[in-house]
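Enquirer: One structure follows; several queries about it will come next.
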Amino acid sequence: MTAAPDTWTISSAADAARARSAVARLTAHAPALDRARFLTDLTAHLRRCLDEGGAELVLGSRDADRLQIDVRPTGRPPHRLTLTCPQRPGGDGADSPDLADALLTADRDTGELVEQLDTSREEVDDLRAKLDEKEALVRLHREELHETNQGVLALHAELDAAALAQRELLDAERAARAEAEKARGLLTFLADASAAVTASLDHEAILRRLPELLVPEYAGQVDVWLFDDERVPRGGGRPAAAVAAARTGRPKHAAGHPGGLPGVDDLPPSVLAPDRPLLCVPLVAHRMLGVLTLTAPGPRFDPDTSVMLVELARRIGTALDHARRYEQHRDVAEALQRAQLTDLPDVEGLSLAARYLPATRGLNIGGDWYDAFPQPDGSLLAVIGDVTGHGLRAAVMMGQLRTALRAYAVEGDGPGRVLTRLHRMLRHQQPDLYATAVVARFRPGDPTLVWAAAGHPPLVVREPDGSVRVLDAKPGIMLGVPIPYEFQEHAVDLPLGSTLALYTDGLVERRALGIDPGIDRLTEAMAALSATELERDLDASAQSLLKPLLDDSERDDDVCMLLCHTIRTPGPVPVPSPRSDRGAVRTQAPDRSVPR
């Protein structure tokens, strides 16, 4: 091989070996692996060039850390090889004295490479062992992650199940709350409606109240069939369901579909109302009173509402029964009382007028009474009294007292003696019953008035000149109080033209004010009376006297008043007007106002 300092001509295998040996010496300080790759690549190129006719090997750059070699095959483009090679040795890369040295050098390089490869293999084995450990750790973590994922999936499933259960509980709670609110509303309505129908003792008022309570929320229409009511229904007949309810005593439901209402029998739709369901409920107290027929407010009756309506019908039946019983007792008591209030007598020199007004609340009949009758000696006794309590017993007791008083008066006893004997009779025969009374005696031609009182409000006198005075002498005890007592008589001058007022406490007493303000109002009203009217029409004066005291007022007690007017001028005795005496007894319903 003939070569310039940096060029070798390659024409034989020996030339190629020498060139490779020279390059090997030049790259002695390069990294072994890189150097081996570089030399292997160079040898392959040189062998390829020898097969193709030879080549030139040109040493390129020689800087401090880089070696560049160009292989230039004959007739082909050159191939450049580069290698990072620090501390390259000096010299021009002269030929080695023999190929043996090159071969030994190559074997040494191969040995070094093998050692490096063994070292690298050990490192690789260590790395592989570490990698196996890492893979085992990764597998362990993968298994843990899988188990964690399974746990997370199970937790999500449990959370979904818990969320579903919570939604179901919330829905159930919401439904329960709605049912509770509905039940509360039905119970509240039942209580309010029961209070409304039981507050009145007038069965007509109860019947008028029902549509106001039930329509339109609980019923489209309301009809009440009372067996003792002869009025013909608007449609001219009763639904078959109502007749069946009256016959069997069980609630009936008539519609084109089953109602499914608790305790209610289903029937075909009614001919009178084929398009609307009907609920017919018997009205029962101690006996069957009638049937309540309700038209559904919508397409059907609600089961819970129907239970409430059946219970309300039971209470309506009780209220109607109480009202009918009350009306019967009231009618009997009024008839008895009207029989007790006799006509006032015609007496020379004295005109009489009376008023009796029952209480506007309660049973409407009490124990108030008035009476006026002559005695055997020609005198006249004017009486007014009040038995405690109301109702039939008070009216009966009032009749007994009136009869006993008249019997005692026939014997000629004065007012004090009559009350004493009446007190003794009541104390022994009715120890738990009390009464008040006042008895006044008029004698023809005698201006002296004699009276006695038993726990009664004082008499009021209007003088001829219009002045008014109260005869407030101390009254005795009430009749019937369980102690012996002798009633005293009182006397006072009563000029002609005077008017004496006897009255019960219902005229002047009010719960919030007491009795004294009422007596003051009575004296003012009597002072305002016309003297001419008192002489001409005492009955009209009595009516005028009541207006300022009772006009448009509700009364818890009966009102009874007796006016006695001594006639100033002789002449014919005034004839009482048609409104006096028994005509003054009120037989209308208790909520009417004072007659005008």
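The values are calculated or read from the model by the stated rules, or taken from the named source; none is laboratory data. Everything numeric in this text was worked out from a predicted model, so none of it was measured. A quick note on method: Cβ atoms are made from the backbone with ideal geometry, for glycine too, and the neighbour counts reach across all protein chains shown.
Enquirer: Step by step: first the residues of segment 6-52, then only those that are in a loop (DSSP other than H, G, I, E, B), touching a strand residue (DSSP E or B) at 6+ places or on another chain (Cβ under 8 Å) and closer than 16 Å to V71 by Cα, then the one that is modelled with the lowest pLDDT. Which residue is that?
Expert: D6
Enquirer: Is there a residue in segment 415-428 that is in contact with a Gly (Cβ under 6 Å, 6 or more places away or on another chain), surrounded by fewer than 22 Cβ atoms within 10 Å (Cβ to Cβ) and assigned to a helix (DSSP H, G or I)?
Expert: Looking through segment 415-428, at least one residue is in contact with a Gly (Cβ under 6 Å, 6 or more places away or on another chain), surrounded by fewer than 22 Cβ atoms within 10 Å (Cβ to Cβ) and assigned to a helix (DSSP H, G or I).
Enquirer: Would you please name the residue that is surrounded by the most Cβ atoms within 10 Å (Cβ to Cβ), looking only at residues in segment 441-457 that are of a type outside the set (K, R) and touching a helix residue (DSSP H, G or I) at 6+ places or on another chain (Cβ under 7 Å)?
Expert: A454
Enquirer: Is there any pair linking a residue in segment 370-387 that is in contact (Cβ under 8 Å) with a residue 40 or more places away in the chain to one that is aliphatic (A, V, I, L, M) and part of a loop (DSSP other than H, G, I, E, B), with Cβ under 8 Å and at least six apart or on different chains, and which?
Expert: Going by the 8 Å Cβ cut-off, the qualifying pairs are Y370/L341; A372/L344; V387/L433.
Enquirer: Next up: For segment 478-525, how many residues meet the condition of being part of a strand (DSSP E or B) and surrounded by 19 or more Cβ atoms within 10 Å (Cβ to Cβ)?
Expert: Here the count works out to 6.
Enquirer: With respect to G75, determine if the residue is more than 60 Å from the chain's Cα centre (by Cα), exposed (fewer than 13 other Cβ atoms within 10 Å of the Cβ) and assigned by TED's automatic domain parsing to the domain that holds S11.
Expert: yes
Enquirer: Of everything in segment 250-299 that's surrounded by 17 or more Cβ atoms within 10 Å (Cβ to Cβ) and of a type in the set (D, E, K, R), which residue is farthest from L320 (Cα to Cα)?
Expert: Checking each candidate, the answer is R276.
Enquirer: Now for a different question. Could you check segment 173-208 and list, in sequence order, the residues that are within 16 Å of L312 (Cα to Cα), among the small types (G, A, S) and surrounded by fewer than 15 Cβ atoms within 10 Å (Cβ to Cβ)?
Expert: A183, G185, A191, A195, A199
Enquirer: Considering every residue within segment 570-587, establish whether at least one is modelled with pLDDT of 90 or more and closer than 25 Å to P345 by Cβ. Can you show your working first?
Expert: Our first condition is that a residue be modelled with pLDDT of 90 or more; within segment 570-587, this holds for none.
No, every residue in segment 570-587 fails to be modelled with pLDDT of 90 or more and closer than 25 Å to P345 by Cβ.
Enquirer: If you don't mind, there's one more thing I want to ask. Which count do you get for residues in segment 169-207 that are more than 20 Å from the chain's Cα centre (by Cα) and within 21 Å of S306 (Cα to Cα)?
Expert: Residues in segment 169-207 being more than 20 Å from the chain's Cα centre (by Cα) and within 21 Å of S306 (Cα to Cα): 4 in total.
Enquirer: Have a look at L534, L529 and point out the one that is assigned to a helix (DSSP H, G or I), modelled with pLDDT under 95 and surrounded by 19 or more Cβ atoms within 10 Å (Cβ to Cβ).
Expert: L534
Enquirer: Taking D432, is it free of Cβ contacts under 8 Å to residues at least 12 places away in the same chain, farther than 29 Å from G349 by Cβ, in the same structural domain as R393 (by TED's automatic domain parsing) and part of a loop (DSSP other than H, G, I, E, B)?
Expert: The answer is yes for D432.
Residue-wise test of (1) outside the structural domain of V307 (by TED's automatic domain parsing); (2) without any contact (Cβ under 8 Å) to a residue 12 or more places away in the chain; (3) not in a loop (DSSP other than H, G, I, E, B).
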residue	(1), (2), (3)
K182	yes, no, yes
L210	no, no, yes
Y218	no, no, no
D229	no, no, no
D266	no, no, yes
H286	no, no, no
